[in-house]
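Structure first, commentary second.
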Amino acid sequence: MKQFILILILLILIMVIEGFSQDLGKGFGMRGQLIAWGVTKPFDDWQSQIGARYIPELNYEHVFKEKYTLDAEVQLNMYGYMYYNGDSVNWDGKFDLFRGWARFSTNRFSLRVGLQKINFGSAAMLRPLMWFDQIDPRDPLQLTEGVYAALGRYYFSNNANIWFWFLYGNDQPKGWELFPSVKKIPEFGGRFQTPLFTGELALSYHHRVTNTESDLYPEPQPSNFEVPENRIGLDGKWDVGVGLWFETSFIHQDIEIPELRAKKLINIGMDYTIGVGSGLTFMAEQLWFTTGEEFFNSTQSNSFTAISANYPVSIIDNLTYIFYYDWSNNGFYNFINWGMTWDRINLYIMAYWNPDNFALYQNLNDEATLYTGKGFQVQCVFHH
C-alpha cells in the first residue's frame, strides 16, 4: 500500500506543478528494461534457474523560469523465476516499487525525496561506504534496492559539495549492516567532499537506531533492543599517473555484545590502463574488516583482496575478469563475463567458481545470489 500511495503522490505533485496546462504530457517519458537469464551449476547437482524481469520506468522533467528543474521517476520491479534445487522444481516471483522519487534542482542545489538509490565513495569492488546499497560489482546491470529518503546536495563554485540525508521507513539490513534500522525512528547524516591536489577528499557521517533483537545475545536477553549507532567515513581518490584511493568506515554501537560494538573497514586501491590494443585496465583493492569492543582492540578480523581486468575486445565486445581472495578462510572467488552490446540489446555470458560457503558480502540481494557457488549464467537485456 505504501508504494502505491507514493506513486500517487508523485503523479499529483507533477500535475500540480504543471498546472494542468495543455502541455501536461510534454515532459513525460517512458523506458524500461526486459531481462531474461538462465543459470546452471553442474557441480551442485545441476541446480538451475531460468527467469525474467521487467523494470518499466516513467519519468518526467519540467524546466521553469529557465533556472529551476522539477523531475521525477517511478520504476517497478516485476520478476519471476523457476529453479531446480537438485531435487524438485519451484517457482517464485515479485512485484514491487523499485524507484519512486521527485527532485527539485537549481544550478547548485538539488533535493530528491522518495524511494531512491544513494551511493558514494572512492572504492569500486570492496566498499566500506556501501551504507545504503547492495551493488555487486559482478552484476553487469548494477541493480540494487533503494531506500526511502530525502537527499539534498549543494555544489560550491570550487567543485566542493555537501550532502545531507534523512531516511525513514527502512527496516531491512543495508550494505554491510548486521542489524536493521528501527523502522519508525529517522536516520540522518551527511557528507562533505572537496577537491584536494589532483583528486578529492570526503568526510561522511550517519546516525541511526538499530533493532538488535537476535539470538546472538547471551542469556539473559537485554530489556531494550533499540541501540544507537554512529558511523564516520573518510575517503579520497587521486590521479598520479595511476589512480590511487582509500576508503574507511568506523561504526560504533552501544550494544551489549562487546565484540560487536566497534566495526572498522579500511580499503586501499589502485587502477591503471595499459596501452595494449583498445586499453587493458587493471584494478586492485585490499579490504581489512575488524570487529571488537574498541576500534583498535579487535577480537575478530578478516581481509579480502580484489583484482579485476577489463578489455574492450571490439566496439561490440567487452571482456571482464574479477578475482577475490578471502585471507581468513582461504577462499578463491573467480568471475568472468563476456559482454556484447548492440543498439538496444545486451548479452552477457558469465562463468564463476566460488567457495561453497559464500562469505564475500554480508547481505546478498536477489541479484548477488545468482553468482554464488560454481556455475554459468547467460543474461539478455532489451532496452526500450
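Regarding residue 302, is this residue in contact with a Phe, Trp or Tyr (Cβ under 6 Å, 6 or more places away or on another chain), assigned to a strand (DSSP E or B) and modelled with pLDDT under 95?
Numbers: in contact with a Phe, Trp or Tyr (Cβ under 6 Å, 6 or more places away or on another chain): yes; assigned to a strand (DSSP E or B): yes; modelled with pLDDT under 95: yes.
So residue 302 passes the test.
Scan the range 234-274 for residues that are assigned to a loop (DSSP other than H, G, I, E, B) and closer than 19 Å to residue 196 by Cα and jot them down.
Taking the range 234-274 first, the residues assigned to a loop (DSSP other than H, G, I, E, B) are 240-242, 254-257, 261.
Of everything in the range 234-274, those that are assigned to a loop (DSSP other than H, G, I, E, B) and closer than 19 Å to residue 196 by Cα turn out to be 240, 241, 242.
When you check residue 324 against the structure, is it within 22 Å of residue 131 (Cα to Cα) and aromatic (Phe, Trp, Tyr), yes or no? Lay out the reasoning, then the answer.
Numbers: within 22 Å of residue 131 (Cα to Cα): yes; aromatic (Phe, Trp, Tyr): yes.
The answer is yes for residue 324.
So which of 298, 328 ends up being surrounded by 13 or more Cβ atoms within 10 Å (Cβ to Cβ) and in contact (Cβ under 8 Å) with a residue 12 or more places away in the chain?
On the way: 328 fails: surrounded by 13 or more Cβ atoms within 10 Å (Cβ to Cβ).
None of the others qualify; the one that does is 298.
Among the residues in the range 179-199, are any assigned to a strand (DSSP E or B), modelled with pLDDT under 95 and surrounded by fewer than 19 Cβ atoms within 10 Å (Cβ to Cβ)?
Checking the range 179-199: not a single residue is assigned to a strand (DSSP E or B), modelled with pLDDT under 95 and surrounded by fewer than 19 Cβ atoms within 10 Å (Cβ to Cβ).
Tell me the residue from 174, 237, 264 that is farther than 23 Å from residue 162 by Cα, of a type in the set (D, E, K, R) and surrounded by 16 or more Cβ atoms within 10 Å (Cβ to Cβ), please.
Values: 174 fails: farther than 23 Å from residue 162 by Cα; 237 fails: farther than 23 Å from residue 162 by Cα.
Sole residue among the options that is farther than 23 Å from residue 162 by Cα, of a type in the set (D, E, K, R) and surrounded by 16 or more Cβ atoms within 10 Å (Cβ to Cβ): 264.
Could you tell me whether any residue of the range 134-145 is over 17 Å from residue 35 (Cα atoms), touching a strand residue (DSSP E or B) at 6+ places or on another chain (Cβ under 9 Å) and without any contact (Cβ under 8 Å) to a residue 60 or more places away in the chain?
Scanning the range 134-145, I find no residue that is over 17 Å from residue 35 (Cα atoms), touching a strand residue (DSSP E or B) at 6+ places or on another chain (Cβ under 9 Å) and without any contact (Cβ under 8 Å) to a residue 60 or more places away in the chain, so the answer is no.
The values are calculated or read from the model by the stated rules, or taken from the named source; none is laboratory data. The structure displayed is predicted, hence computed values, not measured ones. Every residue, glycine among them, receives a Cβ derived from its backbone with ideal geometry; neighbour counts consider all protein chains shown.
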